[in-house]
Amino acid sequence: MTDALLSVRNLRVEFPTRRGVLTAIDDVSFDIMPGEVLGVVGESGAGKSLTGAAIIGLLEPPGRIAGGEIMLKGQRIDNLGAEAMRRIRGKRIGMVFQDPLTSLNPLYTVAQQLIETIRTHADISEAEARKRAVALLDRVGIPAAARRIDDYPHHFSGGMRQRVVIALALCAEPELVIADEPTTALDVSVQSQIIDLIKEICAERGAAVMLITHDMGVIAETADRVAVLYSGRVAEIGPVTQVITAPEHPYTVGLMGSIPTLTQDHARLVAIPGAMPRLNAIPQGCAFNPRCERAFDRCFAARPEPLPRGDRRQVACWLYDAVAPAAEEKANV
Amino acid sequence: MSDALLKVENLTRYFDVSKPWLNRMLEREDKQFLTAVADVNFEIKRGETFALVGESGSGKSTIAKMVVGLLGASDGTIEFDGHKMTGTAGAEMRDLRRRFQMIFQDPFASLNPRWRVGDIIAEPIHTFGLLKGAEVSNRVGELLDTVGLSAKDAEKFPHEFSGGQRQRIAIARALSSKPEFIVCDEPTSALDVSVQAQILNLMKDLQDEMGLTYLFISHDLSVVRHMANRIGVLYLGRLVEVADGKRLFSEPQHPYTRMLLDAVPDLALSGRRRKPVEGEIPNPISPPPGCAFHPRCPLVMPRCKVEAPVQVPTPTGRAACFALEKQPA
Ligand SMILES: Nc1ncnc2c1ncn2[C@@H]1O[C@H](COP(=O)(O)OP(=O)(O)O)[C@@H](O)[C@H]1O
Ligand SMILES: Nc1ncnc2c1ncn2[C@@H]1O[C@H](COP(=O)(O)OP(=O)(O)O)[C@@H](O)[C@H]1O
Ligand code: SF4
Ligand code: SF4
Ligand SMILES: [Mg+2]
Ligand SMILES: [Mg+2]
């Protein structure tokens, strides 16, 4: 087995507030292998964006990493200084956000931004950098790239802007691209173009992808493995086909049943009762217990740790613990 | 047809998007108009769910607002249960207005934050003078119960509820005037999927119990497939295809419908290699001449660039496309 490119261990992110400390990410661990696409899925507020922001050192204060380690090729990056982290962000980890305008400076042309980024990370002439930038824009599907490169971001449509951002994220040949809801703001017919592009271009360059989205369909078509987040914890993680066709965590089971599909008929959808708790009201034990049909006494007393389920799959649920079945039977009589 | 509860004919809406007068004079520009909805026709039968699906900007909300009278039409007619909506006034209009309601996408914006939930729900009851005194609060309690909340919630304010619960409140409010017809504009688009499922189930249950008729609007094809008996597909304000619910997905006719279906990522894990989708939606202020879809259409013919296709019958409904005219009926 190859070594992980990115390794997140027991990550904890907190927000100190006047009424006490809120824990938004609670003991999250996962790996991303070189060249792998890891999907991170979950409802809004599950902690997807914070996980991404913690990895790239862009947590907004007062948010802070309060525990755990983040390692890039075995080197710790969660404790680096601002300058060292900035270099990693441009060079080794590329980023694509939901709103392309967060990554682009409206006052500079696309050429200026691409050339500057390329030259910060590679010792080449301006002319050479420009040539690379044009080739990259062409690769991400900007028509007439050699001419359009001198336009400002607002001259591009939403879909084209996101292509420019992808070019910007990839121009320093990063090992990992973190894409946070990269298609959520785009039209349906453009979304698939952008997802395909991210997937293809990262595969071409051997970059791994952490694809954050609330859209299980996007994960199904794109990811190798998927991590399902719930209330700042990993509920289930594993190969995407296994998790989608045979989900094990009761939350994942409910989630999959609640999504209408284009091919199957259901008179009713499976609806998980209630809603994900707010950060100041996460229940004791398993965070999913108020909504879980299968909850038993142990779920209210102790928090389930991720339990290994076969090769590269983990499920954080007491149902899959060796002592659980007995306890469950007792609870049911 | 007598069983049509709603009949929309040649519905059209322009928006004046001109720059201010002085700028136009200085820059020597003409007035600019955006056609948000162009010549749209459909009928909704009593008790059915008719869906409109389309990407953002395709005119869905504009149609919804015209249907419920929040926005005037530039052209065309809307008929509710045989009554023309334009030209009807006074008591007759008031009675018509009671019979249809609307649910919006954003349950945060559509509920007045300073009102108690009970007052929000009772508002249509007062507007139409349906009940008085203690009957009102009893009815509010019943409605809260119907949508899965509790009578006690009437005392609370909207901010005390989650997004899904707020949409339940919006539904209770819509139901309070005992309408027959509800226009739902992206009712679950702001919600997470597990909560969306609760709301979609609730809407189906209410329809079964009360015989409601829905105009259901969404950009999400799988949601539309789950909810609708018949579906209309919009592109740049034009209705390109209308088809029986599930058959729109198994036998899409219009090239745009096919492209949209190819574009949607699905859970089926069928491994189907999607056809790459071409291009983006053009600017609605200057849509392409002829068939508005022609710059992106794989079947485009010379005729498509100069002439606008009209609706022709298809095996599953009707569609506006020259390529379909050639097919044997
Ligand atoms: N600046 C902040 N202050 C307090 N809470 C925050 C802040 N940013 C995010 N959160 C909370 O952290 C949780 C996770 O947020 P986020 O990672 O953005 O979720 P997701 O991306 O999965 O929708 C949410 O409950 C959110 O309200
Ligand atoms: N009040 C308005 N003034 C100008 N243009 C508008 C107005 N309302 C909607 N539009 C335009 O009309 C088109 C259709 O909008 P809308 O009906 O909101 O679409 P949808 O609901 O399908 O996203 C869009 O191009 C939109 O920008
Ligand atoms: S640990 Fe218990 S409450 Fe949590 S998901 Fe498993 S069965 Fe449900
Ligand atoms: S009319 Fe022509 S351009 Fe329009 S959808 Fe049909 S074939 Fe394509
Ligand atoms: Mg997010
Ligand atoms: Mg709309």
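Every number here is computed from the coordinates shown, using simple stated rules; none is lab data. These numbers come from a predicted model, not from an experiment. Methodologically, a virtual Cβ is constructed for each residue, glycine included, from the backbone with ideal geometry; neighbour enumeration extends over all protein chains shown.
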Practice prompt. Over 20 Å between C-alpha atoms is what I'm after, so list which of A:LYS48/B:LYS204; A:LYS199/B:LYS275; A:LYS131/B:LYS275; A:LYS131/A:LYS199; B:LYS45/B:LYS204; B:LYS7/B:LYS60 land there.
Written response: A:LYS48/B:LYS204; A:LYS131/B:LYS275; A:LYS131/A:LYS199
Discussion item. Can you give the local net charge around A:ALA54? Use residues other than it whose beta-carbon is closer than 15 angstrom to its beta-carbon, Lys and Arg +1, Asp and Glu -1.
Written reply: 0
Worksheet, complete the sentence: HN-Hα couplings for segment A:291-296 via Karplus (6.51, -1.76, 1.60; θ = phi - 60°), in whole Hz with x for Gly/Pro, come out as 9, 8, 5, 9, 4, 9
Practice prompt. List every residue whose amide H lies under 5 Å from the amide H of A:GLY39, counting only residues 5 or more places away in sequence or on a different chain, with H placed 1.01 Å from N in the peptide plane.
Written response: A:LEU211, A:ASP224, A:ARG225, A:VAL226, A:ALA227
Discussion item. To make sure I understand the rule: partners must be aspartates and glutamates, Cα under 16 Å from the Cα of B:LYS84, and not fewer than 8 residues away in the same chain. Which ones qualify?
Written reply: B:ASP3, B:GLU9, B:GLU43, B:ASP75, B:GLU92, B:ASP95
Worksheet item: Peptide A:201-208: average number of partner chain Cβ atoms within 10 Å per residue?
Response: 0
Worksheet item: With contacts defined as alpha carbon pairs under 8 Å and 6 or more residues apart, what's the relative contact order of chain A in percent?
Response: 19 percent
Response to the item:
Both in Å, the radius of gyration and Dmax of the C-alpha trace of segment A:27-119 are 14.8, 42
Worksheet entry | Charge sum, other residues only, whose C-beta stays under 10 Å from A:MET95's C-beta, Lys/Arg counted +1 and Asp/Glu -1 | 0
Discussion item. Counting pairwise Cα distances across segment A:100-197, what percent come out greater than 23 angstrom?
Written reply: 19 percent
Worksheet item: Which translational diffusion coefficient, to the nearest whole µm²/s, is obtained for segment B:162-264 from the Stokes-Einstein equation, given a Kirkwood hydrodynamic radius over C-alpha pairs, 25 °C and 0.890 mPa s?
Response: 167 µm²/s
Worksheet item: So how compact is chain B: Cα radius of gyration and Dmax in angstrom?
Response: 21.4, 68
Discussion item. Amide H of B:VAL312 versus every other amide H placed in the peptide plane: which residues, excluding those fewer than 5 positions away on the same chain, fall under 5 Å?
Written reply: B:ALA319, B:ALA320, B:CYS321
Worksheet item: If you look at just the Cα atoms of segment B:239-322, how large are its Rg and its Dmax in Å?
Response: 13.8, 41
Worksheet, complete the sentence: Final fewest-first order of A:MET276, B:MET210, A:MET256 on the 10 Å Cβ neighbour count is B:MET210, A:MET256, A:MET276
Fill in: Order of B:MET259, B:MET93 under a 10 Å beta carbon neighbour criterion, fewest first
B:MET93, B:MET259
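Please report the relative contact order for segment A:138-227, taking Cα pairs under 8 Å with a sequence separation of at least 6, and give it as a percent rounded to a whole number.
Working: 71 pairs, mean separation 25.0, N = 90.
Relative contact order here is 28 percent.
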Worksheet entry | Kyte-Doolittle at least 0.0, axis length at least 15 Å by Cα - qualifying DSSP helices, chain A | A:158-170, A:188-205
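Rounded to the nearest 20 debye, what is the charge dipole size of the protein assembly as shown about its Cα centre when +1 sits on each Lys and Arg Cβ and -1 on each Asp and Glu Cβ?
620 debye
Mind ranking A:288-301, B:127-140 by how tightly packed they are, going by the mean number of other C-beta atoms within 10 angstrom, highest first? If you can, show how the numbers build up before the last one.
Numbers: A:288-301: 17.9, B:127-140: 13.8.
Result, highest mean Cβ count within 10 Å first: A:288-301, B:127-140.
Residues with beta-carbon under 13 Å from that of B:GLU241, excluding B:GLU241: net charge, scoring Lys, Arg +1 and Asp, Glu -1?
So the surrounding residues net to +3.
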Worksheet entry | For A:VAL177, distant residues with modelled amide H under 5 Å away | A:GLY94, A:ALA208, A:VAL209, A:MET210
Worksheet item: Quick one: Karplus J couplings for segment A:57-64, per residue in order, coefficients 6.51, -1.76, 1.60, θ = phi - 60°, nearest Hz, x for Gly and Pro?
Response: x, 10, 5, 8, x, x, x, 8
Response to the item:
Note, segment B:137-154: 3J(HN,Hα) by Karplus (6.51, -1.76, 1.60, θ = phi - 60°), whole Hz, Gly/Pro = x, goes 5, 4, 5, 4, x, 4, 5, 4, 5, 4, 8, x, 10, 10, 4, 5, 5, 4
Worksheet entry | Relative contact order (percent, whole number), segment B:164-224, Cα cutoff 8 Å, 6+ residue spacing | 43 percent
Practice prompt. Can you run the Rg to Rh ratio on the protein assembly as shown? Use alpha carbon positions and the Kirkwood inverse-distance Rh.
Written response: 0.98
Worksheet entry | Sequence of A:LEU279, B:LEU267 once ranked by neighbouring C-beta atoms within 10 Å, starting from the fewest | A:LEU279, B:LEU267
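If you take the Cα atoms of segment A:194-333, find Rg, then find the Kirkwood Rh from the mean of 1/r over all pairs, what is Rg/Rh?
Numbers: Rg = 16.8 Å, Rh = 16.6 Å.
Answer for segment A:194-333: 1.01.
P(r) tail for segment B:105-242, what percent of Cα pairs lie past 27 Å?
Working: 2068 of 9453 pairs.
Taking all Cα-Cα pairs of segment B:105-242, the fraction more than 27 Å apart is 22 percent.
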Response to the item:
As straight-line cross-link partners of B:LYS19, the qualifying aspartates and glutamates (C-alpha separation under 13 Å, not fewer than 8 residues apart within one chain) are B:GLU27, B:GLU29, B:ASP30
Worksheet item: Binned at 10 Å from 0, what are the whole-percent values of the Cα-Cα distance distribution for chain A, short to long?
Response: 5, 24, 31, 23, 11, 4, 1, 0
